[in-house]
Structures are given as C-alpha cells and as structure tokens.
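Worksheet: the structure to be examined is printed underneath.
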Amino acid sequence: MIEKIRAMKNKKGFTLVELIVVLVILAILAALLIPALTGYIDKANKEKVISETRMVAMAVQTEASEAYGQLKSGDTLDDWSTSVTAGEVDHIKNIKDLAEVLDATGTSFKAEVYTDGSIKTVTYDDGTYNCVYTAADKSYKTDKTKGDQGNTVTFEDKSDT
C-alpha cells in the first residue's frame, strides 16, 4: 500500500485545478487583448482608405492636367465629357487605370475639379469606408458611411468659390 502511494507521488503531470487556473488566465489575457487588436485593425483600414484616396486624387489630377494641357483655344474643361463618343478619350477609364484601386467591387469615386485643372475635392468609397480629400486644406476625412459615388468628375469655375 505504501508503495502505491509513493508511486502515485512520483507520477509527473498537472492536476485538474492547475489546468483550470491556466485556462482562466489565458481567457483573461484574451479578453484584454482582443479589443486592443480590433482598434489596430480599424486604424489600419482607415489608413488604407486614405492611401487609396491619395492614389485616386493623383490619378484625377494627372488626367485633368493632361486634359487641360490639350485644350484648344477657347475651350474649357467644362467640355470634358464623361460620356465617351467615337474618337474621344475615356477619362474615367484612364483615372481607373491610373489609380489601380477602382476595379474592385464596391469601389467608386467622385471628383470636383476646377476648370483650370486643379482638384477641389475627391471622394472615394471602398465599400466599407468613405474618405473625402479636400485640396484647399490638404485634409482627409474618413467615416464608415457607404455610398456609390458613381465614378464622376464635375467641374467648377474657380471664380465661383
């Protein structure tokens, strides 16, 4: 009988109580870390949509500058059509190709450009976040609203503002 007790004492392993304590500690740590990690993920997604908005803004600026540079005497960018007819440049397609982020499902943009070819605002929606770039104060505002922007470019005379 004494030999059996000594043999049981020599067995190596964890008791049920020890295992439960370890699991409770792991659960507490997980409960503390999960909210912190989701905050980092949300912040990273906002930074991503700002970066994509920059890409769209650069694409719009490139295409508007190119179109402005090719204007004939007396023409304005107001004549820049978003509907493409035979022989015309598809500016929206060029912006999509340059930006490289507008081919994904659910993404869209709306740009407001002055008739001198400079950007007023660019609104980009990636399907989850909406980001507005305002050129006057070079600011980006991001929120979680959705809305199809329709991939449009509108023009405004700078003297109107």
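Nothing in this text is a laboratory measurement; each read-out follows from the coordinates by a stated rule. None of the values given here were measured: they were computed from a predicted structure.
Quick look at the numbers
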{"item": "J(HN,Hα) series, region 38-54, from Karplus relation 6.51 cos²θ - 1.76 cosθ + 1.60, nearest Hz, glycine and proline x", "result": "5, x, 5, 5, 5, 5, 5, 5, 5, 5, 5, 5, 5, 4, 5, 5, 4"}
{"item": "Whether region 102-144 is rounded, prolate or oblate, judged on the alpha carbon gyration tensor where a/c under 1.5 counts as rounded", "result": "oblate"}
